[in-house]
Amino acid sequence: MTVVSMTYRELADRLGMKPESARKAVRRKGWTRTVGNDGMARVLVPQEDLPPVSGTAEALPPARPADGPGDGLPAMSRELELKIEGLRALLVAEGRRADAAEADRDRWHELATRPWWRRLAG
């Protein structure tokens, strides 16, 4: 299975919908989301789920794979590398979210443990 890395805007244009609808579709279908080097959110979309673009090579039927047992390994390897890359990006994003939640928790804890007269005085 080949995947295509696209921004939400590109995906929305390709599927003929609004970007917010594309976000909901990505969430619903469980596609991997990553952050690109440019800071833009990217989605790893399976090629089979995208409609063909007329006038491009994607509109042609897929080439018949060779019958050898190891012929699909490079494609599978690339697919797994993309999934690992997506999981690493998710790990970084979740780490940031956890750090922010801990900072918020610590701030609220500090506020809650202040004496009552300090809370009133500000």
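The values are calculated or read from the model by the stated rules, or taken from the named source; none is laboratory data. Owing to the predicted nature of the structure, the values given are computational and were not obtained by experimental measurement. Because the Cβ atoms are built from the backbone with ideal geometry, glycine has one as well, and the counts that use them run over all protein chains shown.
Structural remarks
- Of all residue pairs spaced 6 or more apart or on separate chains, those with beta-carbon atoms under 7 Å, a first member in the stretch 25-51 that is without any contact (Cβ under 8 Å) to a residue 40 or more places away in the chain and of a type in the set (A, V, I, L, M) and a second member that is surrounded by 17 or more Cβ atoms within 10 Å (Cβ to Cβ) and assigned to a helix (DSSP H, G or I) are ALA41/TYR8; VAL43/TYR8; VAL43/LEU11; VAL43/VAL26.
- For the stretch 1-35, the tally of residues that are outside any loop (DSSP other than H, G, I, E, B), in contact with a strand residue (DSSP E or B) (Cβ under 8 Å, 6 or more places away or on another chain) and exposed (fewer than 15 other Cβ atoms within 10 Å of the Cβ) stands at 1.
- Taking the stretch 36-88 as the range and being assigned to a loop (DSSP other than H, G, I, E, B), over 21 Å from TYR8 (Cα atoms) and modelled with pLDDT of 65 or more as the test, only GLY72 passes.
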